[in-house]
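Colleague: So that we are looking at the same thing, I have put the structure below in structure tokens.
The values are calculated or read from the model by the stated rules, or taken from the named source; none is laboratory data. Being a predicted model, the structure only gives us computed values, none of them experimental. Neighbour counts are summed over all protein chains in view; Cβ atoms, including those assigned to glycine, are modelled from backbone coordinates with ideal geometry. Surface areas here come from the heavy atoms of the whole protein model, side chains and all, with no ligands, DNA or RNA. Shrake-Rupley method; radii C 1.70, N 1.55, O 1.52, S 1.80 Å.
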Amino acid sequence: MFPRFGDVNRDFALLDEFRRRMDRVWEDIDPSWPANPAHTGTRAYSAWPRVNLYDGGSALVLKADVPGLSEKDVRVTLNESGLSIAGERTVAPPEGYSAHRQERASFSFSRSLTLPCKVNPEQAQASVKNGVLTVTLAKAPEAQPRQIAVQAQ
Amino acid sequence: MANQTDLAHRSNGRIEAVQEREPVVPVVDVYESGDELLLLVDVPGATNEGIDVRLDKGQLTILAKRREDAPGSQLMAEYRPSDYLRVFSVPQGIDPSKIDAQLSSGVLRLRLPKSESVKPRRIEVKQG
């Protein structure tokens, strides 16, 4: 972190206050924004959880970081328009402790994604392991990759 | 323009890091009670074997390694699975041998018990 302006000259203490207020504004907009941004190399996204989507050939695989959530806390819905993930994360301060730093926020979330191809809803699977949600969506037969034999003439 | 080849001004542009992936800074909650400090760290994707917590010279280093194979070609990416690293300076009076770490659903729970000498003590007032 930079030294605070107020440490150099008290006349600049106003700038510290300005910075604190701006930090608070960011926290309101984006709950994943850290209260004390030691984050420098990472980008803050307004959407939570952050999602990666992979094409595994015969299936689409979605991965999302959902630390602290178990399978009961996440709802995965598949419909015509795509896939949606919703749920709630609650972070309760433990009893009898005073807080020094609280960067992990509790909030409810909902995200929807349009899928790049048709999937077979019967074979969709979702699991949560080590705080990572994995949704496997088998592609519909017409979207499966098909090898076309090349013939010599 | 001064000669830039001396040691003090040598550019470090040619030094390359061995590791390609920069660790990310995980979000942390820090709580304190009379008996201990409690840290909750979000490390999704990390496993028990990949976690390295050490207390050395008043510095608490939390490293959680994350190894994930991509299940196919990437269509959309909002994050990169990377290791987590965060360093805290902790107050004196923490017993390093009694630090307890638990990992459950991607959240690391670290308990740092205070040694007896720094625990708050109530002093009995005697009748004079």
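Colleague: Please compute how much accessible surface disappears when B pairs with A, both sides summed, using a 1.4 Å probe, and round it to the nearest 100 Å². Write out the running numbers ahead of the final one.
Modeller: Details: alone 10590 and 11830 Å², together 19010 Å².
About 3400 Å² of accessible surface is lost on pairing.
Colleague: Toward the positive end of the charge dipole of chain B, about the Cα centre and with charges on Cβ (Lys, Arg +1; Asp, Glu -1), which of B:34, B:59, B:125 goes farthest?
Modeller: B:125
Colleague: For chain B, give the share of DSSP beta bridges that are antiparallel, in percent and rounded to the nearest 5; count only bridges with both residues there. Provide the component values of the computation, followed by the final result.
Modeller: Numbers: 30 of 31 bridges.
Among the beta bridges of chain B, antiparallel pairing accounts for roughly 95 percent.
Colleague: Computing the accessible area with a 1.4 Å probe over protein heavy atoms, can you report the carbon and sulfur percentage for chain B?
Modeller: Working: 4210 of 8850 Å².
On chain B, the fraction of accessible area on carbon and sulfur atoms equals 48 percent.
Colleague: Continuing with the same structure: Let me confirm one metric for peptide A:61-70, namely the mean number of other chain beta-carbon atoms within 10 Å of its residues' beta-carbons. Write out the running numbers ahead of the final one.
Modeller: Values: counts 4, 3, 9, 3, 9, 4, 13, 7, 4, 3.
For this peptide, the per-residue mean of nearby foreign Cβ atoms is 6.
Colleague: Order the peptides B:90-101, B:58-69 from the highest to the lowest mean number of other Cβ atoms within 10 Å of their residues.
Modeller: Most protected by this proxy first, the peptides run B:58-69, B:90-101.
Colleague: Name the residues of region A:98-145 whose accessible area, probed at 1.4 Å, falls by at least 50 Å² once all protein chains are in place instead of their chain on its own?
Modeller: Flagged in region A:98-145: A:100, A:101, A:103, A:104, A:130.
Colleague: Would you please give the residues with an amide H less than 5 Å from that of residue A:66, counting only those at least 5 places away or on a separate chain, with H modeled from the backbone geometry?
Modeller: The answer is A:132, A:133.
Colleague: Might you report the magnitude of the Cβ-based charge dipole of chain B about its Cα centre, with Lys and Arg at +1 and Asp and Glu at -1, to the nearest 20 debye?
Modeller: On the way: 18 positive and 20 negative charges, 87 e Å.
Its charge dipole is roughly 420 debye.
Colleague: Separate question: If packing is taken as the mean number of other Cβ atoms within 10 Å per residue, what is the order of A:110-117, B:38-45, A:62-69, B:109-116, highest first? Let's see the in-between values first.
Modeller: Details: A:110-117: 13.4, B:38-45: 24.5, A:62-69: 23.0, B:109-116: 17.1.
Descending mean neighbour count gives B:38-45, A:62-69, B:109-116, A:110-117.
Colleague: In peptide B:33-43, what is the residue-averaged number of other protein chain Cβ atoms found within 10 Å of each Cβ? Present the calculation step by step, with values, prior to reporting the outcome.
Modeller: Values: counts 5, 3, 2, 1, 2, 5, 2, 9, 3, 9, 4.
Going residue by residue through B:33-43 and averaging, the value is 4.
Colleague: Separate question: Over region A:67-147, what is the relative contact order in percent, taking alpha-carbon pairs closer than 8 angstrom and at least six residues apart? Don't jump to the answer; show the numbers that get you there.
Modeller: Values: 105 pairs, mean separation 22.2, N = 81.
Relative contact order for region A:67-147 comes out at 27 percent.
Colleague: Let me ask something additional. Determine the per residue accessible area of region B:36-106 with all protein chains present and a 1.4 angstrom probe, expressed in square angstrom. If you can, show how the numbers build up before the last one.
Modeller: On the way: 3790 Å² over 71 residues.
Ligands and nucleic acids excluded, the figure is 53 Å² per residue.
Colleague: Another one. Residue by residue through region B:68-84, which ³J(HN,Hα) values in whole Hz follow from phi under the Karplus form 6.51 cos²θ - 1.76 cosθ + 1.60 (θ = phi - 60°), with glycine and proline marked x?
Modeller: After applying 6.51 cos²θ - 1.76 cosθ + 1.60, I find 9, 8, 5, x, x, 7, 7, 9, 8, 9, 10, 8, 10, x, 10, 6, 10 Hz.
Colleague: When the dipole is taken about the Cα centre of region B:39-87, and only Lys, Arg (+1) and Asp, Glu (-1) are charged at their Cβ, what size is it in debye, to the nearest 20? Don't jump to the answer; show the numbers that get you there.
Modeller: Working: 7 positive and 8 negative charges, 38 e Å.
So the magnitude is around 180 debye.
Colleague: If you average the sequence gap of Cα pairs under 8 Å that are 6 or more apart and divide by the length of chain B, what percent do you get for the contact order? Walk me through the intermediate numbers first.
Modeller: Working: 181 pairs, mean separation 33.3, N = 128.
Relative contact order for chain B comes out at 26 percent.
Colleague: Here is a follow-up. Given H placed 1.01 Å from N in the peptide plane, which residues other than close sequence neighbours of residue A:118 have an amide H under 5 Å from its amide H?
Modeller: Sorted by chain and number, the residues that satisfy this are A:140.
Colleague: State which entries of A:129/B:98; B:98/B:126; A:72/A:118; B:65/B:114; B:57/B:98; A:63/A:118 exceed 23 angstrom in Cα-Cα distance in the structure shown.
Modeller: Details: A:129/B:98 28 Å; B:98/B:126 35 Å; A:72/A:118 27 Å; B:65/B:114 27 Å; B:57/B:98 16 Å; A:63/A:118 18 Å.
Violating the 23 Å Cα-Cα cut-off are A:129/B:98; B:98/B:126; A:72/A:118; B:65/B:114.
Colleague: Under the definition of partner shielding as Cβ atoms of other protein chains within 10 Å of a residue Cβ, what is the mean value for peptide A:87-95? If you can, show how the numbers build up before the last one.
Modeller: On the way: counts 0, 0, 0, 0, 4, 0, 4, 6, 1.
Mean shielding by partner chains, rounded to a whole number: 2.
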